[in-house]
Amino acid sequence: DMGLIYGLEIEDSKVGVYLTLTSPACPAGPQILSQIDTKVRELEGVEDVDVNVVWTPPWTPDMLSDEAKNELGIF
């Protein structure tokens with residue numbers, strides 16, 4: 001819903017996740033990265049996870065899903 005995930009690469013049992021954060025100083029950043037790693041590792045057949053933070057393109061509120069925009073009161 002946040003539009004943070006930019007892409008995935010799956011090669012055999014390894015999954016690469018490419019995402020951004022709302023800002024480089026995002027206080028939830030470490031928790032988000034940890035949760036992604038944990039949840040992807042729980043998937044059947046996954047043995048290795050590589051979580052990559054990228055800054056291009058920069059995140060904007062336009063990337064929010066309609067549901068998230070409604071939840072946050074952004075129209």
Viscosity 1.002 mPa s, temperature 20 °C, Stokes-Einstein D of the chain from Kirkwood C-alpha radius, µm²/s: 160
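Report the net charge of residues surrounding ALA68, where surrounding means a beta-carbon distance below 15 angstrom and charges are Lys +1, Arg +1, Asp -1, Glu -1. Please report the intermediate quantities before stating the final value.
Details: positive: LYS69; negative: ASP1, ASP62, ASP66, GLU67, GLU71.
With Lys, Arg at +1 and Asp, Glu at -1, the net is -4.
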Please work out the average accessible area per residue across the chain, using the 1.4 Å probe convention, and give it in Å². 71
Loop sites in the chain: GluC sites (Glu not before Pro), DSSP, at most 13 other Cβ within 10 Å: GLU42, GLU44, GLU47
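Quick one: pull the percent of accessible area on the chain belonging to carbon and sulfur, 1.4 Å probe, ligands and nucleic acids left out. Can you show the working numbers first?
Numbers: 2870 of 5360 Å².
Summing carbon and sulfur atoms, their accessible area is 54 percent of the total for the chain.
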With angles folded into 0 to 90 degrees, how steeply does helix 29-41 sit against the dominant principal axis of the chain? Use alpha carbons for both and round to 10. 40
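The values are calculated or read from the model by the stated rules, or taken from the named source; none is laboratory data. Just so you know, these numbers come straight off a predicted model, no measurement behind them. No Cβ is skipped: glycine too gets one built from the backbone with ideal geometry, and neighbour counts run over all protein chains shown. Just the protein is used for accessible areas: all its heavy atoms, side chains included, with ligands, DNA and RNA removed. Shrake-Rupley method; radii C 1.70, N 1.55, O 1.52, S 1.80 Å.
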